[in-house]
């Protein structure tokens with residue numbers, strides 16, 4: 001095939017492309033990350049670019065206005081290159097990897113080691129640093145260096161049998177003689193096998209563990225002192241896979257393309273290694289001092305990070321390639337730290353209940369509680385666990401796209417410029433908006449959508465089916481053909497950049513999302529024969545949960561109508577659990593006990609789930625008796 005040239009602006013970057021290749025992929029090779037939450041299927045409409053010269057072949061009909069088409073706009077994912085072209089990429093089409101937060105990402109007083117102490121569990125990290133004195137060889141004690149070394153370890157009650165790498169064995173004799181047998185040994189236990197990771201004559205005052213939460217939207221990393229259990233630093237960044245698909249289904253589809261799996265694995269590692277560099281810069285620590293990693297993430301993200309094909313996750317009978325992961329060396333995984341550092345992956349339960357949930361249940365201590373606990377992780381995916389120390393059940397439902405702003409006309413993530421809170425003046429009925437970072441709103445994020453839905457319903461602007469009532473607010477609600485939309489901010493207020501609106505389609509998507517969550521809760525309850533009022537504790541976790549107004553979530557029928565003092569937010573349960581497991585062999589074992597203990601409900605085939613879902617597609621519900629406090 002002939003080679004063609006694509007010139008990208010701004011930047012005046014020229015790149016060669018093969019005839020017939022996707023403009024979206026060529027843009028990525030040129031260093032432009034276009035927003036493409038549908039994974040390049042042409043359905044999200046986010047990858048708009050302007051064709052300045054040349055022609056392209058469209059593989060589908062782009063959902064663009066007549067005005068946009070007249071101005072030369074196309075969707076990069078549908079454009080196939082057939083000749084030399086020049087394109088302009090507007091700023092709004094580029095995905096930014098800079099995660100901007102408006103508050104401290106973690107509490108400096110947070111201390112996993114202290115949390116273990118409260119639980120009565122000693123710090124016993126997954127990787128140990130031992131000071132060892134190996135006796136010298138003599139005519140009377142002429143055992144080999146390795147035998148004497150092993151005997152000294154055995155005297156320290158280190159379980160036999162020992163395993164040592166060839167590189168480590170090659171330098172063992174020299175290291176023992178240089179230090180007169182006084183060495184520091186880095187070890188890690190696998191069943192009854194003790195792995196010798198490093199033998200050093202130089203003291204290593206600091207050793208760290210890395211806790212990773214590989215989220216579909218955001219990747220979080222914590223650097224933890226393995227001696228004290230104290231957090232040294234924390235960093236987070238958007239998952240660089242997002243332009244390949246906004247949710248796990250689109251990522252799995254993308255992984256099925258030629259080179260798609262390798263691209264997704266590489267992007268996941270870029271995210272992780274970038275955060276590692278940031279943590280090291282903050283603390284001044286060295287890469288070699290990170291000697292252990294604990295990874296939590298949903299089943300798909302863990303597969304993609306390891307380059308394991310996730311296709312069977314979305315194919316009946318929905319069985320992943322692996323749920324209980326072996327321990328890998330960092331160099332095998334691709335993490336840029338001490339090469340032999342063991343990497344521990346939190347065990348998954350099933351295709352859609354992953355290691356992030358088992359880690360979250362560990363963090364919330366649900367498996368030790370006598371109280372009936374509902375654990376809900378609200379992020380790009382929605383996972384629910386119900387149970388106590390006696391039993392645990394779990395399910396997963398489609399939650400994230402609407403919460404993350406995907407599929408919403410003016411939706412966006414919770415970044416500066418997003419409306420994250422909507423309130424209503426009880427006297428005038430006027431709506432008021434809080435904008436992250438202040439200034440003029442650019443769109444609305446998930447928490448703002450939930451608030452808006454609650455206020456529209458309680459003020460009579462919206463009926464129980466989610467239909468806007470134009471007569472209730474003719475100034476804001478306007479008809480758009482067969483559908484209506486509500487104007488939040490008009491073009492004059494945004495400086496001419498466009499109206500900020502929410503459509504009935506947007507509201508319907510949110511209602512379906514909240515309905516799926518409540519239907520999942522009801523399905524678990526009915527599956528074990530318990531009424532909703534017996535839930536004694538509701539734990540909300542996940543990035544989205546931080547901004548959630550529980551009262552409004554109950555008013556729209558997303559969360560059960562329970563006394564408000566039963567609700568609590570624990571933050572990033574996945575990251576917290578990964579850190580705790582890193583510091584304790586006992587908790588690492590409990591993490592696996594949790595994964596084996598959970599009974600998974602596959603909602604797509606579970607009897608009665610669809611009935612529960614249909615009943616939840618009203619505000620708050622068709623059975624108003626389930627929401628006695630909602631008026």
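The values are calculated or read from the model by the stated rules, or taken from the named source; none is laboratory data. All values reported here derive from a predicted model rather than from experimental measurement. With ideal geometry, Cβ positions are generated from the backbone for all residues, glycine too; neighbour counts draw on all protein chains shown.
Points to keep in mind about this one:
- From 530, 562, residue being in the same structural domain as residue 383 (by TED's automatic domain parsing), buried (at least 18 other Cβ atoms within 10 Å of the Cβ) and on the phi < 0 side of the Ramachandran plot: 562
- Taking the criterion of being surrounded by 14 or more Cβ atoms within 10 Å (Cβ to Cβ) and under 16 Å from residue 505 (Cβ atoms), the residues of region 455-466 that qualify are 456, 462, 463, 466.
- Among the residues listed as 397, 410, the single one being within 20 Å of the chain's Cα centre (by Cα), crowded, with 21+ Cβ neighbours inside 10 Å and touching a residue at least 12 places away in the same chain (Cβ under 8 Å): 397
- All of 538, 550 fail the test of being within 24 Å of the chain's Cα centre (by Cα) and without any contact (Cβ under 8 Å) to a residue 24 or more places away in the chain, apart from 550.
- Residue within region 252-260 that is without any contact (Cβ under 8 Å) to a residue 60 or more places away in the chain, in a helix (DSSP H, G or I) and farther than 27 Å from residue 111 by Cα present: yes
- Note on region 384-444: enclosed strands (runs of 3 or more DSSP E) holding 1 or more residues that are modelled with pLDDT of 95 or more and farther than 24 Å from residue 617 by Cα are 392-397.
- Single match in 326, 347, 339 (criterion: in contact (Cβ under 8 Å) with a residue 24 or more places away in the chain and in a loop (DSSP other than H, G, I, E, B)): 347
- Filter result for residue 484 (in contact with a helix residue (DSSP H, G or I) (Cβ under 7 Å, 6 or more places away or on another chain) and surrounded by 21 or more Cβ atoms within 10 Å (Cβ to Cβ)): no
Here's the yes/no breakdown for (1) assigned to a loop (DSSP other than H, G, I, E, B); (2) buried (at least 16 other Cβ atoms within 10 Å of the Cβ):
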| site | (1), (2) |
| --- | --- |
| 5 | no, no |
| 16 | no, no |
| 28 | no, yes |
| 40 | yes, yes |
| 50 | no, yes |
| 74 | no, yes |
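- When 615, 578 are checked against the criterion of being modelled with pLDDT of 95 or more and buried (at least 23 other Cβ atoms within 10 Å of the Cβ), 578 stands alone in meeting it.
- Conditions (1) more than 30 Å from residue 133 (Cβ to Cβ); (2) touching a strand residue (DSSP E or B) at 6+ places or on another chain (Cβ under 9 Å); (3) at pLDDT 95 or above; number of the one not met by residue 224: (1)
- Residue ranges of helices (runs of 4 or more DSSP H) in region 111-213 with at least 3 members over 31 Å from the mean Cα position of the chain (by Cα) and crowded, with 16+ Cβ neighbours inside 10 Å: 145-155, 166-178
- Taken together, the residues in region 67-76 that are closer than 22 Å to residue 29 by Cβ and without any contact (Cβ under 8 Å) to a residue 12 or more places away in the chain amount to 0.
- Enumeration of residues in region 430-454 that are more than 19 Å from residue 503 (Cα to Cα) and exposed (fewer than 14 other Cβ atoms within 10 Å of the Cβ): 437, 438, 439, 440
- Scanning region 77-93 for residues that are surrounded by fewer than 21 Cβ atoms within 10 Å (Cβ to Cβ), in contact (Cβ under 8 Å) with a residue 60 or more places away in the chain and not in a loop (DSSP other than H, G, I, E, B) returns 80, 86, 88.
- Residue pairs whose Cβ atoms lie under 6 Å apart, separated by 6 or more positions or on different chains, with the first residue in region 354-366 and closer than 13 Å to residue 382 by Cα and not assigned by TED's automatic domain parsing to the domain that holds residue 584 and the second at pLDDT 95 or above and part of a loop (DSSP other than H, G, I, E, B), are 354/298; 354/348; 356/298.
- Which listed residue is crowded, with 24+ Cβ neighbours inside 10 Å and either closer than 17 Å to residue 379 by Cβ or in contact (Cβ under 8 Å) with a residue 12 or more places away in the chain (or both), from 249, 282, 224, 231: 224
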